[in-house]
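Inspection log for the structure reproduced underneath, given as structure tokens.
The values are calculated or read from the model by the stated rules, or taken from the named source; none is laboratory data. Everything quoted here is computed from the prediction, not taken from an experiment. Ideal geometry is used to build each Cβ from the backbone, glycine not excepted, and the neighbour counts take in all protein chains shown. Please note that ligands, DNA and RNA were not included when accessible areas were found on the heavy atoms of the full protein model with its side chains. Shrake-Rupley method; radii C 1.70, N 1.55, O 1.52, S 1.80 Å.
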Amino acid sequence: MSMYLGIVIMLAIAAGFVVLTLGTNVVLGPKRYNRARLDAYECGINPTPQAPGGGRFPIKYYLTAMTFIIFDIEIVFLYPWAVSFDMLPVFAVGAMVLFLLLICVPYLYELRRGGLEWD
């Protein structure tokens, strides 16, 4: 059990910090609630009962999310590969080149759909 004592202490400190900050917010935080504060945040778009266009969102939302996912996944896989690049066999280099080519497919799709052009 002594091996896990440090982890248990850290979890207890983290839980205590969460309880302390939430409790402080409840006690000291402002109690002014109005209609604007209770409305859902709509990213600058006026909230409506139904989304514009019959419930469809503009494709730019999805393309922005796709860009984030593409580059996020790329960095997650490229970082360990780049750190151990000098010890990798030729097969690993070829696999990473193939991965980068496959990553280019959704990027080119997004570029073609106009995801990088902002109004």
Quiz item: Looking at (1) under 26 Å from the mean Cα position of the chain (by Cα); (2) modelled with pLDDT under 90, which is the only condition L11 fails?
Solution: (2)
Quiz item: Right, L100: part of a helix (DSSP H, G or I), out of contact with any Gly (no Cβ under 8 Å at 6 or more places or on another chain) and open to solvent by 50 Å² or more (accessible area, probe 1.4 Å) or not?
Solution: yes
Quiz prompt | Positions within the stretch 67-93 being open to solvent by 60 Å² or more (accessible area, probe 1.4 Å) and closer than 23 Å to E110 by Cβ, in sequence order | solution = F68, I69, F71, D72, I73, I75, V76, F77, Y79
Quiz item: Are there any pairs with C-beta distances below 9 angstrom linking a residue in the stretch 86-101 that is closer than 15 Å to I73 by Cα and among the polar types (S, T, N, Q) to a residue that is modelled with pLDDT of 85 or more and open to solvent by less than 100 Å² (accessible area, probe 1.4 Å), with the two at least 6 apart or on different chains, and if so which?
Solution: none
